[in-house]
There are 2 protein chains.
Amino acid sequence: MLWSGWGDPARAAPLPEPVVGLLRDMLGVRPAAAPPVALARLKVAAPRLAGADLAGLAGIVGEGNVRSDAESRVRHTRGKSTPDLLRIRAGETSDAPDAVVLPGSHDEVLAVLRLCAGKRIAVVPFGGGTSVVGGLAPQGVDAFIALDLRRMDRLVSVDEVSRTAVLEPGLRAPAAEALLAERGFTLGHFPQSFEWASIGGFAAARSSGQASAGYGRFDDMVVGLTVATPEGSLDLGRAPKSAAGPDLRQLVLGSEGAFGVITSVTVRIRPVPEAREYEGWRFASFDRGAAALRRLAQDGPRPAVLRLSDEAETMVGLADPSAIGRPGESGRPDSGGSADGGPPAGCLAVLGFEGTPESVAAQRAGAADALRAAGGEPLGAGPGEKWEHGRFNAPYLRDSLLDVGAFAETLETAAFWSDVPKLYEAVRCALIAALAGAGTPPLIMCHISHVYPSGASLYFTVVSAQGEDPLEHWDRAKRAANDAIVEAGGTITHHHGVGTDHRDWYAREIGPLGAAVLRAVKDRVDPAGILNPGVLVPPAPGE
Amino acid sequence: MLWSGWGDPARAAPLPEPVVGLLRDMLGVRPAAAPPVALARLKVAAPRLAGADLAGLAGIVGEGNVRSDAESRVRHTRGKSTPDLLRIRAGETSDAPDAVVLPGSHDEVLAVLRLCAGKRIAVVPFGGGTSVVGGLAPQGVDAFIALDLRRMDRLVSVDEVSRTAVLEPGLRAPAAEALLAERGFTLGHFPQSFEWASIGGFAAARSSGQASAGYGRFDDMVVGLTVATPEGSLDLGRAPKSAAGPDLRQLVLGSEGAFGVITSVTVRIRPVPEAREYEGWRFASFDRGAAALRRLAQDGPRPAVLRLSDEAETMVGLADPSAIGRPGESGRPDSGGSADGGPPAGCLAVLGFEGTPESVAAQRAGAADALRAAGGEPLGAGPGEKWEHGRFNAPYLRDSLLDVGAFAETLETAAFWSDVPKLYEAVRCALIAALAGAGTPPLIMCHISHVYPSGASLYFTVVSAQGEDPLEHWDRAKRAANDAIVEAGGTITHHHGVGTDHRDWYAREIGPLGAAVLRAVKDRVDPAGILNPGVLVPPAPGE
């Protein structure tokens, strides 16, 4: 993972010159003042851990599994939000952990937590390091360690009868898929962070993948969990569903390391589908397209992948940056172009079907009937396959945008279908007002990528010039968007999580008693308050 | 509701004489020593509430909505488990509430809870009164009130776009279905208690209906909740799904009145299906039938109703008591009878399909292919329709069995598919050993009635003679069954709930830290400990 950006540096792709020109002409993007600081030149403060503490940790996990060198610490500093990248590119390492600790088992995690609780050393569980909500930057701590779970990366067992698998938290998603594929199974969980994210992170952050319409969210897939806390272990899930009290699995899912460290996850698995087919459809407007998606989500057939870009995202053709600025190519509809040769009107929907060839054919036919009735125009396989090809590329694109001096970030929410139109408008308006007011008018794009019978998610991408102080400039816009989300009745996050960034709005979403319940749970499992301090759990009034 | 049994007394049906003979010959059932005490002759202890307390409650909910007459109190005494019925039939009213209070709104519930918290008066939320796990019999309390929610019985609103409806907790299920049907919708939740149970009870107890394969469990249907607690209100659910922290809705669902009183429930609704078709299939054994159900649960098509009786339940033909003892009738397979004219071998499966006529036809065809491949033999519509006709009758049958001196009770569990065979055997053996050892050898019947991709429920029905002391005799058998469930890896309850009856085994299921988390939540929302004391939440060690 690139310490200052996303993914494999060999896959970085500079933006084509026409795109740079468009960014300059449309958004006023100018080259950034300074290139990123080189890794070797980054300075990190001296670790705040005593030698005895480091020795105690090494006594648990082994000498080589406690690391306090600068590079290890930099590579575990914060996550992958755009503010995170801007800070680290500028050489700002104030949130670096004092050490990186790599446990090898549940018992080692337990022992580390007990040691740290006794010494008031904060612990930040670290999986793929892909948080975009400040989930890896604890607040109000003295010393803290990053508890990197990469050594716990086994596929522990597969139950082919029950179609479940036990996975360790440090297993990365591609490795999990590869190990399951050897047995003929798939998890079917493909979020945009797929190539780097870990199983434990999916569970801790309630991840939702691009095929959620067909496979469900990660929290739908989890049927069992083991959790280590400073106060002992939880071992949850004796049946897919139960009436034995509240579903405590659902209290751990989404707990973002604040209640404990997830040390194993039992997930539902499915046979690898024989066939996967993608296709594109065009709708005259985002509203019309959303109504069509709602029709499929409510009455079926429901494809595995179901998404819809709004007019702006369709026009820009985000899936294929090499074609940005060249109408008629990329994932955009290649019909319906305006008379003056400008970009075609409308919104692109992408559908992906999985199953046997017969079931895929039947689903495609059923969906086609429904989409045509809803005003859709079929675009064939091309746009769908292009989306599929580029599905994990957006974070690379962001690096390229930052490199040329643009600002690019995403945010997301979800609501019931009735509230989706007003939520869409409210967030767009808030972002435009805040950024235009700061002198950096943005391009705002949006898509629906997760649908349910009763509602859907909205995922916004914001591109603008960086302005004088891009961190301050985004902070203001993000706050305005968060306020708009809460006021329009949406949830503050559909799949990125709460972290530190969303905590104040999350407190508004769940109300004072909901926040008090979270604090009560945290106080019970983590009385010393060492687990990811400042993340998720709203502070008590007056704190 | 019959105070001493189930349902509408006009629908009670005495057992036919051949069945009574069979019970006598097979199980040694003898007429009970004494008929039930008459309602008018029941004695109830003097209420333990001061006049000022009753006046305070009346000041909140209105004079006519605080009742302390004997009949009101008897009608709110315990629930509908067989031990509950045996006790009340014997005139044992020690668990009667001191008063019945009927609030009319969320704010009235809040005010009642605050008053009761201040005065240490326990509060037992009361919906349909159908608990079979001791959920209405608080432990270790002085005075307590039954908070009967029947006045809060509105369909508050329907959102036809999002396909959701807001329901009040005291709405009974048939009334909810009738109100939704006026708008063209159904909830699709039909547990055996359907005719009497309430919406709030479904949520509080994580109910699962007979059509759970198609419509999901009640906890799958709930997208929003409002809860009143002594410490304030919770208002949860801004989107179908969210990554904003743990799903707090899933902490309220299954909380059985111990964390608060659910005052409104937002549920997913669906259009009333155009077609409903039921059919029967025969399998050579329970194992073979279970494998066929698993195949449908994992690969589809999944009918709305999917259930399988074991050999004993199939032979007895529980669905139609009028035909018990007459082989070849009832819901039993009418083919494959043994050469000597005895009952046919094998296991009956019932499938119910819902949707458009076209989708029902397609699903039936797909399911038939799968079931034939799994060794099933189609029995046509007859057995399915007979099951559908008698689907809510079993509790009436139990009253008739008690009347002739038999003991009848049910218990249920769930597990992952791999564990289902050993769980089935373990529970059967435990029940047989305990009851045969007590001199009352039982008839044990079982069915699978809820299936998931990764597992299924097992629902056992036990019939025996009552023996000398039926309460003690059942207590011993039930404890043995509970131990067997926990040891075989099942959950202590799939849909009946925890109540007081399952609490000790529930504590084993979630472990000491899980129990401590529940206590932490309860202490936060109910510091005075007035909410359903003794129900659900395991006591702290040493308490």
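The values are calculated or read from the model by the stated rules, or taken from the named source; none is laboratory data. Note that the coordinates shown come from a computational prediction; the quantities given were computed from them, not determined experimentally. No Cβ is skipped: glycine too gets one built from the backbone with ideal geometry, and neighbour counts run over all protein chains shown. The accessibility values were calculated without ligands, DNA or RNA, using every heavy atom of the protein model including side chains. Shrake-Rupley method; radii C 1.70, N 1.55, O 1.52, S 1.80 Å.
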For A:V166, inter-copy label distances in nm, listed shortest first [label point 7 Å out on the Cα-Cβ vector]: 4.6
For region B:360-376, in residue order, the Karplus 3J(HN,Hα) values (coefficients 6.51, -1.76, 1.60; θ = phi - 60°; whole Hz; Gly and Pro = x) are 5, 4, 5, 5, 4, 5, x, 5, 4, 4, 5, 6, 4, 4, 8, x, x
Given charges at Cβ of Lys, Arg, Asp, Glu: the protein assembly as shown dipole, positive-most of B:A291, A:P442, B:V360: A:P442
About its Cα centre, the protein assembly as shown carries a charge dipole, from +1 on Lys and Arg Cβ atoms and -1 on Asp and Glu Cβ atoms, whose size in debye to the nearest 20 is 720 debye
For region A:121-130, in order, what is each residue's ³J(HN,Hα) by Karplus, 6.51 cos²θ - 1.76 cosθ + 1.60 with θ = phi - 60°, in whole Hz (x at glycine and Pro)? 9, 6, 10, 10, x, 9, x, x, x, 9
Region A:6-72 to region B:476-491: how many Å between their Cα centroids? 54 Å
Just going by the charge dipole of the protein assembly as shown, with Lys and Arg at +1 and Asp and Glu at -1 on Cβ, which of A:A243, A:L57, A:S198 is farthest out on the positive end? A:L57
Semi-axis lengths (Å, descending) of the ellipsoid that matches the C-alpha gyration tensor of region B:9-148: 36, 14, 13
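Would you calculate, for chain B, the mean residue ellipticity at 222 nm contributed by helices, counting each DSSP H stretch of 4 or more residues as -39,500 (n - 2.57) and dividing by all residues, to the nearest 500? Write down the numbers at each step before the final one.
Details: 18 runs with 191 residues, N = 543.
Counting only the DSSP helices, I get -10500 deg cm²/dmol.
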For region B:89-99, Karplus-derived ³J(HN,Hα) couplings (6.51, -1.76, 1.60; θ = phi - 60°; whole Hz; x for glycine and proline) come out as 5, 8, x, 8, 10, 5, 8, 5, x, 7, 7
State the answer as a single residue: which of B:V486, B:G511, B:V463 lies farthest towards the positive end of the charge dipole of region B:462-521, with beta carbon charges of +1 for Lys and Arg and -1 for Asp and Glu, about the Cα centre. B:G511
How far apart, in nm, are two points set 7 Å out from the Cα along the Cα-to-Cβ line at B:S105 and at B:R151? 1.1 nm
Per residue of B:515-524, how many C-beta atoms from partner chains lie within 10 Å of its own C-beta, taken as a mean? 6
Using protein heavy atoms only (no ligands, DNA or RNA), what is the total accessible area buried between B and A, 1.4 Å probe, nearest 100 Å²? 5700 Å²
Shape parameters for region B:460-543, alpha-carbon atoms, Rg then Dmax in Å: 15.0, 46
Here are some pairs, B:K422/B:K478; B:K478/B:K522; A:K80/A:K422; A:K241/A:K522; A:K386/A:K422; which of them have Cα atoms lying more than 21 Å apart in this structure? B:K478/B:K522; A:K80/A:K422; A:K241/A:K522; A:K386/A:K422
Area of B:S68 that stays accessible when all protein chains are in place (1.4 Å probe, Å², to 10): 50 Å²
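Can you send over the carbon and sulfur percentage of the accessible area for the protein assembly as shown, probe radius 1.4 Å, protein chains only?
Heavy-atom surface of the protein assembly as shown belonging to carbon and sulfur, 1.4 Å probe: 52 percent.
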Interface residues in region B:402-433 - accessible area drops by 50 Å² or more relative to the isolated chain, probe 1.4 Å: B:F416, B:S418
If you count, for every residue in A:290-301, the Cβ atoms of partner chains within 10 Å of its Cβ, what is the mean? 2
Measuring label to label, 7 Å along Cα→Cβ, what does B:A291 give against each other copy in nm, shortest first? 5.0
In square angstrom, rounded to the nearest 10, how much accessible surface does B:D369 have for a 1.4 Å probe? 110 Å²
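Report, in debye and to the nearest 20, how large the dipole of chain A comes out about its Cα centre when Lys and Arg carry +1 and Asp and Glu carry -1 on their Cβ.
Its charge dipole is roughly 500 debye.
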Accessible area of the protein assembly as shown divided out per residue, in Å², using a probe of 1.4 angstrom: 35 Å²
When all protein chains stay in place, what accessible area (Å², nearest 10, 1.4 Å probe) is found for A:M26? 110 Å²
Is there a quick way to get the dipole size of region A:9-148? I mean about its Cα centre, with the Cβ of Lys and Arg at +1 and of Asp and Glu at -1; what is the value in debye to the nearest 20? 360 debye
Which percent, to the nearest 5, of DSSP beta bridges fully inside region A:9-148 are antiparallel? 20 percent
So, in Å, what gap is there between the alpha-carbon centers of region A:406-455 and region B:73-112? 50 Å
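For the full complex of protein chains and a 1.4 angstrom probe, list A:R75, A:R30 by accessible area with the highest value first.
Details: A:R75 95, A:R30 135 Å².
Result of the area sort, largest leading: A:R30, A:R75.
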Over chain B, calculate the relative contact order: mean separation of alpha carbon pairs under 8 Å at least 6 apart, over the residue count, as a percent. 17 percent
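Counting Lys +1, Arg +1, Asp -1, Glu -1, what net charge surrounds B:A204 among other residues with beta carbon under 13 Å of its beta carbon?
Residues close to B:A204 contribute a combined charge of 0.
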A:D159, A:D310, ranked by accessible area, largest first (probe 1.4 Å): A:D159, A:D310
Roughly how many Å is it from the Cα centre of region A:154-170 to that of region A:528-543, as a whole number? 33 Å
